Amino acid sequence: MRLYLASTSPARRATLRAAGIEPLTIAPEVDEEALVASVEADLGRPLDAWTMVELLARAKAEAVVGRDVDGRPIDGLILGGDSAFLFDGRIYGKPHRPELARERWLRQSGRTGVLYSGHWLIDHRGGRLGGSRGAVAQATVTFAEVDAFEIDAYIATGEPLEVAGAFTIDSLGGPFIRSVHGDPSTVIGLSLSTLRDLVRALGVDWPDLWTRD
C-alpha cells in the first residue's frame, strides 16, 4: 500500500519515514492565500485556525487526484496537510521574511500558543477515487525564554522562515521549546496518531503502509 503525500515539506516526509513509511511526494500547487480569501469572502468573516488548516489540507489532497506519478496513476492513499500557529488570538503561517520572524519570536519567547495541523486522506486504491476523511490535531506549545542573540542567530539560519509559527521542534528550534501538550508530531506538521485513525477509518491497516523491501 503506497501513501502519496500532497506536500513538498521535508519535515512531513521525514516524519513519515521515521514511522516506517516511504511516501511518494507530489507538489499540490494550491494557491493557499487565494483559496482562504475566497472562502472568507463567501462567509463574510475570517476563518478560524481549525477550519483553515482542514480546508487547505483537503484542497491539497484533492489537487493531486487524477495525476500520474512516475508515469503511473495513483494507486493508494493520498494525504494532504496544512499547519497554522495560533498565538494571542492571531493565526500565523510561515513568516517568509526575517523581520517578521524576529518580531514573532520577541513576542512568543517564554509564552504559549497552539499549533494546529490539518489532515485530509483520500482513498485512491486501484486508481479509482473512493472515500475520504479529514481531521485536525492540535498541540499546545510553551517556549523557553529566548534572548535576542539566540533569536537573531536562529533566524540567520533561515530555518524559521518557511515553517508555521516560525519554529521547529525537530531541528534547530527544538531547544527553544519548553514543553508540548499533545501529539508531538503535530508540531512538525503531521500528527501520526491522527493519520493512523484516518487510515483505519478508510479500512486500511496501519502496518500495510510500512515500507518493505
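The values are calculated or read from the model by the stated rules, or taken from the named source; none is laboratory data. Source: prediction; values computed, not measured. Cβ coordinates were reconstructed from backbone atoms using ideal geometry, including for glycine residues, and neighbour counts include every protein chain displayed. Quick note on the areas: whole protein, heavy atoms, side chains included, nothing else; ligands and nucleic acids left out. Shrake-Rupley method; radii C 1.70, N 1.55, O 1.52, S 1.80 Å.
The residues of region 116-134 that are aliphatic (A, V, I, L, M) and within 15 Å of Ser193 (Cβ to Cβ) amount to a single one, Leu121. Scanning region 110-136 for residues that are in contact with an Asp or Glu (Cβ under 6 Å, 6 or more places away or on another chain) and hydrophobic (A, V, I, L, M, F, W, C) gives a single hit, Val136. Among residues of region 1-20 that are farther than 14 Å from Val69 by Cα, those with a beta-carbon under 7 Å from a residue that is among the aromatic types (Phe, Trp, Tyr) and open to solvent by 30 Å² or more (accessible area, probe 1.4 Å) at least six positions away or on a different chain give the pairs Gly20/Trp210. Quick check: anything in region 190-198 over 18 Å from the mean Cα position of the chain (by Cα) and within 27 Å of Pro23 (Cβ to Cβ)? Taking every residue of region 190-198 in turn, none turns out to be over 18 Å from the mean Cα position of the chain (by Cα) and within 27 Å of Pro23 (Cβ to Cβ). Condition first: within 22 Å of Pro23 (Cβ to Cβ) and open to solvent by less than 10 Å² (accessible area, probe 1.4 Å). Now tell me which residues in region 85-99 satisfy that. Listed by number, the list is empty, since nothing qualifies.
Residue under question is Ser7, and the condition is that it be open to solvent by 20 Å² or more (accessible area, probe 1.4 Å) and among the hydroxyl-bearing types (Ser, Thr, Tyr); does it hold? When the stated conditions are applied, Ser7 does not pass them. Ile151 fulfils the conditions (1) more than 22 Å from the chain's Cα centre (by Cα); (2) in contact (Cβ under 8 Å) with a residue 40 or more places away in the chain; (3) open to solvent by 10 Å² or more (accessible area, probe 1.4 Å) except for a single criterion, (3).
For Glu33, the stated conditions hold: it is open to solvent by 70 Å² or more (accessible area, probe 1.4 Å) and either in contact with a helix residue (DSSP H, G or I) (Cβ under 8 Å, 6 or more places away or on another chain) or farther than 20 Å from Arg196 by Cα (or both). When restricted to residues that are surrounded by 14 or more Cβ atoms within 10 Å (Cβ to Cβ) and touching a Phe, Trp or Tyr at 6+ places or on another chain (Cβ under 6 Å), region 13-25 contains 1. Checking each residue in region 103-132 for being open to solvent by less than 30 Å² (accessible area, probe 1.4 Å), closer than 16 Å to Glu145 by Cα and hydrophobic (A, V, I, L, M, F, W, C) picks out only Trp105. When Asp197 is tested against (1) open to solvent by less than 40 Å² (accessible area, probe 1.4 Å); (2) in a helix (DSSP H, G or I); (3) closer than 17 Å to Gly118 by Cα, only condition (1) is not met. From the residues in region 61-78 that are touching a helix residue (DSSP H, G or I) at 6+ places or on another chain (Cβ under 6 Å) and open to solvent by 20 Å² or more (accessible area, probe 1.4 Å), which one is modelled with the lowest pLDDT? Applying the filter and picking the extreme gives Pro73. Yes or no: Leu161 assigned to a helix (DSSP H, G or I), under 20 Å from the mean Cα position of the chain (by Cα), among the hydrophobic types (A, V, I, L, M, F, W, C) and surrounded by fewer than 20 Cβ atoms within 10 Å (Cβ to Cβ)? Criteria met by Leu161.
Every residue, every condition in (1) surrounded by 15 or more Cβ atoms within 10 Å (Cβ to Cβ); (2) part of a helix (DSSP H, G or I), yes or no:
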position	(1), (2)
Pro46	no, no
Leu56	yes, yes
Ala59	yes, yes
Gly80	yes, no
Ser83	yes, no
Ala101	yes, yes
Ala135	yes, no
Ile155	yes, yes
